[in-house]
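Take a look at the structure below.
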Amino acid sequence: MNLGLPSWSRMTDRMALDLDFDPAIYRTYGDYLALAEYYRIKKGKIGSLRSWMDREWHAAGVDLAKSRIHELIARGSFDLIYTTNYDRWIERALEHYGQSFDKITNVGDLVTADSGKRQVVKFHGDFDDDSSIVLDESSYYRRLDFESPLDIKLRADVLGRSVLFIGYGFGDLNIRYLFYKLANLWRQGGAGSAQPRSYLYAPRPNPIQEAVLHEWNISMLTPEVDDAEAGLVELLEQVTGL
């Protein structure tokens, strides 16, 4: 959002227009996943919506160099970057700041990845591979099986590492479910105390979410300033030392 990209609400409005609905009315008929599911049922595929998303998310007027957040992500020493975004801005930021990386979208990418390079894992798909995009309700529920190659990789990657979540409200059910399962694995193995602590950046305090995350060995980090973007920049500067 700090790049000025369209919000999910704007994408939902686009679905409504494609289906000849009034956008304000269409939004009342369900959450984002259900509305995207209906769109796919009626259109048969998300091809035209995907093309619009690609154009809008990569508009020529976006100035990557102005995003301090993308600079810090690119220049920080993060060997693994998972993203649920479909766009290419993390990859472009890495290229802009001269960082080499491998993009992981499917099992074929895992086979060809260079073990010495940073990895950008497109967990919910990528615009370069329409079949990989997790957008509607059905595709989302399939991810809850946690049996795809990327799911297996994620489990292995986070089991012994600390994870920092940014730009993320932890409302993503499959990620919440994953950490619930991982926390149980550590407890059942009798090594709960050895589980690496992970962290979630949240723009404002939420005592309920904080208590739930604590049970899964995740600490919530909130900024001391009212500006969520400024708070995130400050956190990333502290983490990266940049």
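A compact table of results
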{"item": "Region 50-102 - residue that is more than 12 Å from Phe127 (Cα to Cα) and of a type in the set (Lys, Arg) and, of those, farthest from the chain's Cα centre (by Cα)", "result": "Lys66"}
{"item": "Hey, Ala60 surrounded by 15 or more Cβ atoms within 10 Å (Cβ to Cβ), free of Cβ contacts under 8 Å to residues at least 12 places away in the same chain and of a type in the set (A, V, I, L, M) or not", "result": "no"}
{"item": "Tally of residues being open to solvent by 50 Å² or more (accessible area, probe 1.4 Å), closer than 22 Å to Asp128 by Cα and not in a helix (DSSP H, G or I) across region 1-36", "result": "2"}
{"item": "Single residue of Arg88, Arg92 found to be basic (Lys, Arg), within 18 Å of Arg50 (Cβ to Cβ) and at pLDDT 90 or above", "result": "Arg88"}
{"item": "From the options Tyr86, Tyr39, residue that is part of a helix (DSSP H, G or I), among the aromatic types (Phe, Trp, Tyr) and touching a residue at least 40 places away in the same chain (Cβ under 8 Å)", "result": "Tyr39"}
{"item": "One residue from Arg118, Arg68 being surrounded by 13 or more Cβ atoms within 10 Å (Cβ to Cβ) and touching a residue at least 60 places away in the same chain (Cβ under 8 Å)", "result": "Arg68"}
{"item": "Unmet requirement for Arg142, which otherwise passes all of (1) closer than 27 Å to Gly47 by Cβ; (2) surrounded by fewer than 16 Cβ atoms within 10 Å (Cβ to Cβ); (3) at pLDDT 85 or above", "result": "(3)"}
{"item": "Subset of region 10-25 (residues that are over 18 Å from Lys45 (Cα atoms) and not hydrophobic (A, V, I, L, M, F, W, C))", "result": "Arg10, Asp22, Pro23"}
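The values are calculated or read from the model by the stated rules, or taken from the named source; none is laboratory data. The structure presented is a predicted model; accordingly, all values stated were derived computationally and were not measured. In this analysis, Cβ positions are derived from the backbone assuming ideal geometry, glycine residues included, and neighbour counts consider all displayed protein chains. Keep in mind that these areas ignore ligands, DNA and RNA; they rest on the heavy atoms of the full protein, side chains included. Shrake-Rupley method; radii C 1.70, N 1.55, O 1.52, S 1.80 Å.
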